[in-house]
There are 2 protein chains.
Amino acid sequence: MENNIYIDTGKLFKVLSDPVRLQIVDLVSCKEMCACEILEYLSITQSTLSHHMKVLKECGLVSSRKDATWMYYSLNADVVGNLKSQFDKITSDTSDCFCYTIKKECKNIK
Amino acid sequence: MENNIYIDTGKLFKVLSDPVRLQIVDLVSCKEMCACEILEYLSITQSTLSHHMKVLKECGLVSSRKDATWMYYSLNADVVGNLKSQFDKITSDTSDCFCYTIKKECKNIK
DNA sequence: TTCTAATATTGACGGATGTCAATATTTATG
DNA sequence: CATAAATATTGACATCCGTCAATATTAGAA
């Protein structure tokens, strides 16, 4: 079953549903940033930031690079771009809309 | 404070983080659909669907129209479009990126 | 090696959320 | 009015998640 489209897209939206993580994405979208610099812009604990960065990394939205004791983070533009195009298809009202596939599959089952 | 950008966008992403709701959005993106028709494509209870439709309506992503005993749902393309443009700004690496505002505000505070 | 700064991990807590069964409400029909 | 179909609401349950304090790890500097 190709529900992966909704599951995969949903997972990324879940990650982006937290306002703090959205702000982090915003911060690292312009330039690479280390955790301690990101932390300056937020009102959270260091352990909480570390947790958010782990979540952002695990879903692929953010990459990390280690330099001495610093960990530098940057946004993965390709993953973001892919998410946008998936969402475009889901919300499309034309023939490239995913729903046509669902409806077809549903018809086959009945 | 203008964290509303992240809070508002986060709320919509939260709604879209559920795979079932993503599929519903997909279904109603092409044409208006009543709840009973939507239900045919899903593997959930009627009460669960009703709950999801309430969530989708409350955040503005979906509109409803009542006709006799049927409730017809459709996607609000403007809300979707606005969400996309907000996300574009958040993930932008150019000067229209929101993060510049945050950084400026942060500088002022220090 | 010892100290310090940066980051990660663990454990715990409270609140939010998706799901269902059961029931209520609405509206057309006989 | 009585019945049936479509939808909404309520209450309960289990799970997930963001947060913090405390601790551990890593790596350069003295």
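Just so it is clear, none of the values below were taken in a lab; they were calculated from the coordinates. Quick caveat, the model's predicted, so the values are computed rather than measured. No Cβ is skipped: glycine too gets one built from the backbone with ideal geometry, and neighbour counts run over all protein chains shown.
Does the range B:35-52 contain any residue that is crowded, with 17+ Cβ neighbours inside 10 Å and within 28 Å of residue A:26 (Cα to Cα)?
No: zero hits.
Would you check which residues across the range A:74-87 are more than 8 Å from chain B (Cβ to nearest Cβ) and assigned to a helix (DSSP H, G or I) and list them?
A:78, A:79, A:81, A:82, A:83, A:85, A:86
Looking at the range A:2-14, can you tell me whether even one residue there is under 21 Å from residue B:11 (Cα atoms) and within 9 Å of DNA strand D (Cβ to nearest atom)? Give the steps one after another, and end with the answer.
Step one: of the range A:2-14, the residues under 21 Å from residue B:11 (Cα atoms) are A:5-14.
If we keep only those that are within 9 Å of DNA strand D (Cβ to nearest atom) too, we end up with A:11, A:14.
Scanning the range A:2-14, I find at least one residue that is under 21 Å from residue B:11 (Cα atoms) and within 9 Å of DNA strand D (Cβ to nearest atom), so the answer is yes.
So if I check each of B:39, B:12, which one is within 9 Å of chain A (Cβ to nearest Cβ) and assigned to a helix (DSSP H, G or I)?
It is B:12.
Is the range A:66-73 home to any residue that is in contact (Cβ under 8 Å) with a residue 40 or more places away in the chain and surrounded by 14 or more Cβ atoms within 10 Å (Cβ to Cβ)?
Scanning the range A:66-73 turns up at least one residue that is in contact (Cβ under 8 Å) with a residue 40 or more places away in the chain and surrounded by 14 or more Cβ atoms within 10 Å (Cβ to Cβ).
Please specify each residue of the range A:19-29 satisfying the condition of being more than 11 Å from the chain's Cα centre (by Cα) and facing another protein chain (nearest Cβ under 7 Å).
Correct list: A:19, A:23, A:26, A:27, A:29.
Would you call residue B:62 within 18 Å of residue A:12 (Cβ to Cβ) and either acidic (Asp, Glu) or more than 12 Å from DNA strand C (Cβ to nearest atom) (or both)?
So residue B:62 fails the test.
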